[in-house]
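One structure is given below, encoded as structure tokens.
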């Protein structure tokens, strides 16, 4: 496998894994659709992701997950459950698209880069939802859920079409989200009464 192909397959894996941090099942569904339609080659051992039963299962899971994030209270509970699930799913999707790599390289990269990217986006969006819940009593959580849904869909499609651009979009999102969180935390600290 040429160096460029390796870089693109790693970028694709990291991009899809980062999208899993926004929503666990939607990026997996998009990957399954691409594999089922023959537009995505999966590494050995992951061909099951491109089958009709996997497609149906992931479609149902994605629909339930999307709706559940719009239910107040359930969204915060899902964040707690989604953190470990995103790490595992991020590792799986990254490994699934890193074809023709030696197993030790594929799994090391999938765990570190894929799981790390999923954990990073999941952590940032969980903090944004927590701040939204605190500042708006949960009324702003629908905007966070819609942003996460758009992020999962957009980043998944971008990763499939232009993996290197997906990495750039991920870096931009992280930079913007961290700045926003710092501003929100500073504003909350300034508004807190002295001695609290």
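The values are calculated or read from the model by the stated rules, or taken from the named source; none is laboratory data. Quick caveat: nothing in here was measured; it's all calculated off a predicted structure. Don't worry about glycine lacking a Cβ; one is built from the backbone with ideal geometry, like all the others, and counts go over all protein chains shown.
Taking the stretch 107-194 as the region of interest, the helices (runs of 4 or more DSSP H) fully inside it that hold 2 or more residues being under 27 Å from residue 73 (Cβ atoms) and modelled with pLDDT under 90 are 116-136, 163-191. Scanning the stretch 104-161 for residues that are without any contact (Cβ under 8 Å) to a residue 24 or more places away in the chain and closer than 18 Å to residue 43 by Cβ turns up 104, 105, 107, 108, 111, 112. The residues listed here are 56, 29; of these, the one that is modelled with pLDDT of 90 or more, over 19 Å from the mean Cα position of the chain (by Cα) and within 30 Å of residue 144 (Cβ to Cβ) is 56.
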